[in-house]
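Please read the structure below before turning to the comments.
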Amino acid sequence: MTKVKICGLKKLEHALIATETGASFLGFVFVEGVRRKISPFDANELITGLKERYTGDFPKLVGLFANQASSYVNQVVSQCDLDIVQLCGDEGPEYWSSINCSIIKQVKMDNEGKGRDELSHIKSQVDDITEAGHTPLLDSYERGALGGTGKTFDWSMAKLVSGHQQIILAGGLTSDNVNSAIKTVQPWAVDVSSGVETDGQKDELKLRNFINNALNASK
């Protein structure tokens with residue numbers, strides 16, 4: 001069954017809904033200058049509150065970072081008891097080896113770059129991440145953007161570059177299109193943030209619908 005990651009969480013109530021509905025991963029953004037940024041202190045308070053209120057199978061906790069010092073990343077991992085770090089910047093293999101937990105590494109997919117050389121380059125990135133023991137996340141490319149863009153890309157490209165590897169699919173997913181995305185790409189997991197928001201805030205109904213649709217798509 002395809003797993004679900006809900007990203008950009010800032011409120012306990014939304015994290016609790018995502019957990020109770022069946023999300024496997026909860027994402028917290030620690031990237032400076034990003035709208036969904038949460039401080040390590042507030043993230044720790046949220047996570048502590050969630051653990052006090054939920055006693056079932058607990059989702060993995062993911063911290064998002066981009067071009068930040070590995071010492072700071074490891075400090076936040078320890079402070080917030082994170083399971084995974086998601087890297088959204090230009091971090092390479094040498095940087096990966098300095099992180100004290102599992103890694104999800106974002107790979108940018110450009111709708112304009114469908115040539116054989118571009119696809120080969122992307123596949124090489126995916127292979128490098130996988131061979132290093134980490135998980136690639138395929139997301140839409142937008143010049144100057146760190147993290148997600150809220151836009152879809154050609155899912156057939158994801159199918160071509162992922163092969164049979166364990167990948168996470170992101171980029172413009174909603175409750176309306178996640179079923180089709182899963183059937184097309186057959187990803188290990190799907191990742192959403194803006195697709196479960198209304199006016200920039202997480203929406204309870206959209207959260208529940210997205211998770212349910214994603215989990216039912218792969219049954």
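The values are calculated or read from the model by the stated rules, or taken from the named source; none is laboratory data. Because the structure is predicted, anything quoted here is derived from the model rather than measured. Here the Cβ is made from the backbone with ideal geometry for all residues, glycine too, and neighbour counts use every protein chain on show. Protein only, heavy atoms only, side chains kept; ligands, DNA and RNA dropped before computing areas. Shrake-Rupley method; radii C 1.70, N 1.55, O 1.52, S 1.80 Å.
Residue by residue, segment 41-52 carries 3J(HN,Hα) couplings of 4, 5, 5, 5, 4, 4, 5, 4, x, 5, 5, 6 Hz when phi is fed to the Karplus relation 6.51 cos²θ - 1.76 cosθ + 1.60 (θ = phi - 60°); x denotes Gly or Pro. Based on every Cα atom in segment 1-99, Rg and the maximum pairwise Cα distance Dmax equal 13.3, 39 Å. With the simple spin-label model, which puts each label point 7 Å out from Cα in the Cβ direction, the Gln68 to Glu204 separation comes to 3.0 nm.
What the chain shows is 47 Å² of accessible area per residue, with the surface traced by a 1.4 Å probe over protein heavy atoms.
Within straight-line reach of Lys10, meaning a Cα separation under 14 Å, sit the following aspartates and glutamates at least 8 residues removed in sequence or on another chain: Asp42, Glu45, Glu197, Asp203, Glu204. Ratio to report: Rg/Rh of the chain, with Cα atoms as the point set and Rh obtained by the Kirkwood method; give two decimals. Taking Rh as the inverse mean 1/r over Cα pairs, Rg/Rh reads 0.94.
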